[in-house]
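Here is the structure we will look at.
The values are calculated or read from the model by the stated rules, or taken from the named source; none is laboratory data. Small disclaimer: the values here were computed from a predicted structure and weren't measured. As a convention, Cβ positions derive from the backbone with ideal geometry for all residues, glycine included, and neighbour counts pool all protein chains shown.
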Amino acid sequence: MNSNKIIPNLWFDGNAKEAAEYYLSIFKDGKILNTTYYPKTEAEGLADFQKDFAGKVLTVEFEILGMQFIGINAGPLFKFNESVSFMIPCKDQTEIDYYWTALTTNGGEESVCGWLKDKYGLSWQVCPENWEELTKKPGAFKNMMGMKKIIIADF
C-alpha cells in the first residue's frame, strides 16, 4: 500500500507512459507501479467523448525518489504551468548539474533561480539541499536572481 498521503496526478495528452519512462531514466531508483487502460467499448463503460482513447493507457502509476505519481492520459484540455513545481534538493553541484542537464535536454527550458521546465512542460526546482543556509549570505538573493542553474560557488 502507498505511504503517500497525497499523490500528485499529472495530466498528459496521450503520452503519460512515455513521460513516466522519461522520468525513470532520470531518477534511477524509480519504478512503474501499475498501468490501467481505457475500456475498449461503450459496453465496457467508454463514454462517447472517449472513443479516441479506447483500449489505450489511462493511467501510469510510478515512483521516483520514494514519491508516488500518477500520470493520466486525458487529452489536450489542460497544460502544466509554473504555478506548481517539484523541488529536487541536491547534495552538491554535481547532482545539480546532473538533474539540470537531464531535465532541460531534448526540449526542456531553463528559467531563473534554479527553475526549469522539462520537455513535457512540468516545472522543477533544482536546488542545493542547504538552500536556506546559502540564501542567508550577504548578496545571496541578488546572486540567485541572476542565475538560471544554481551555482553553489557563486553564493
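Only one of (1) within 20 Å of the chain's Cα centre (by Cα); (2) in the same structural domain as Ala19 (by TED's automatic domain parsing) fails for Lys148. Which number is that?
The number of the failed condition is (2).
Looking at the structure I just gave you, is Ile7 touching a Pro at 6+ places or on another chain (Cβ under 9 Å), touching a residue at least 40 places away in the same chain (Cβ under 8 Å) and of a type in the set (A, V, I, L, M)? Walk me through how you get there before you give the answer.
Values: touching a Pro at 6+ places or on another chain (Cβ under 9 Å): no; touching a residue at least 40 places away in the same chain (Cβ under 8 Å): yes; of a type in the set (A, V, I, L, M): yes.
No, not satisfied.
Scan the stretch 1-44 residue by residue and report those that are closer than 18 Å to Phe78 by Cα, loosely packed, with under 14 Cβ neighbours inside 10 Å and polar (S, T, N, Q).
The one that is closer than 18 Å to Phe78 by Cα, loosely packed, with under 14 Cβ neighbours inside 10 Å and polar (S, T, N, Q): Asn9.
Every residue in the stretch 50-67 that is of a type in the set (A, V, I, L, M) and either farther than 24 Å from Asn4 by Cβ or exposed (fewer than 15 other Cβ atoms within 10 Å of the Cβ) (or both), please. Give the steps one after another, and end with the answer.
Taking the stretch 50-67 and keeping what is of a type in the set (A, V, I, L, M), we get 54, 57-58, 60, 64-65, 67.
Ala54, Leu65 - these are the residues of the stretch 50-67 that are of a type in the set (A, V, I, L, M) and either farther than 24 Å from Asn4 by Cβ or exposed (fewer than 15 other Cβ atoms within 10 Å of the Cβ) (or both).
What is the number of the single condition among (1) under 14 Å from the mean Cα position of the chain (by Cα); (2) in a loop (DSSP other than H, G, I, E, B) that Gln68 does not meet?
Of the numbered conditions (1) under 14 Å from the mean Cα position of the chain (by Cα); (2) in a loop (DSSP other than H, G, I, E, B), the odd one out for Gln68 is (2).
Part of a helix (DSSP H, G or I), modelled with pLDDT of 95 or more and either assigned by TED's automatic domain parsing to the domain that holds Pro128 or over 21 Å from Cys127 (Cβ atoms) (or both): which single residue out of Leu33, Leu24 fits that description?
Leu24
Restricting to the stretch 131-150, and then to whatever is out of contact with any Cys (no Cβ under 7 Å at 6 or more places or on another chain) and at pLDDT 95 or above, can you tell me which residue is nearest to Glu21 (Cα to Cα)?
Only one residue fits best here, namely Lys149.
Is it the case that the stretch 99-106 has a residue that's more than 18 Å from Asp29 (Cβ to Cβ), within 18 Å of the chain's Cα centre (by Cα) and in a loop (DSSP other than H, G, I, E, B)?
yes
Quick grid of which residues meet (1) of a type outside the set (Gly, Ala, Ser); (2) surrounded by 14 or more Cβ atoms within 10 Å (Cβ to Cβ):
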| position | (1), (2) |
| --- | --- |
| Phe69 | yes, yes |
| Ser85 | no, yes |
| Thr101 | yes, no |
| Ser111 | no, yes |
| Tyr120 | yes, yes |
| Ser123 | no, yes |
| Pro128 | yes, yes |
| Gly146 | no, no |
| Ile150 | yes, yes |
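Look at the stretch 113-155 and say how many of its residues are of a type outside the set (D, E, K, R), on the phi < 0 side of the Ramachandran plot and part of a loop (DSSP other than H, G, I, E, B).
10
Somewhere in the stretch 111-118, is a residue closer than 30 Å to Gln50 by Cβ and touching a Ser or Thr at 6+ places or on another chain (Cβ under 9 Å)?
Checked the stretch 111-118: at least one residue is closer than 30 Å to Gln50 by Cβ and touching a Ser or Thr at 6+ places or on another chain (Cβ under 9 Å).
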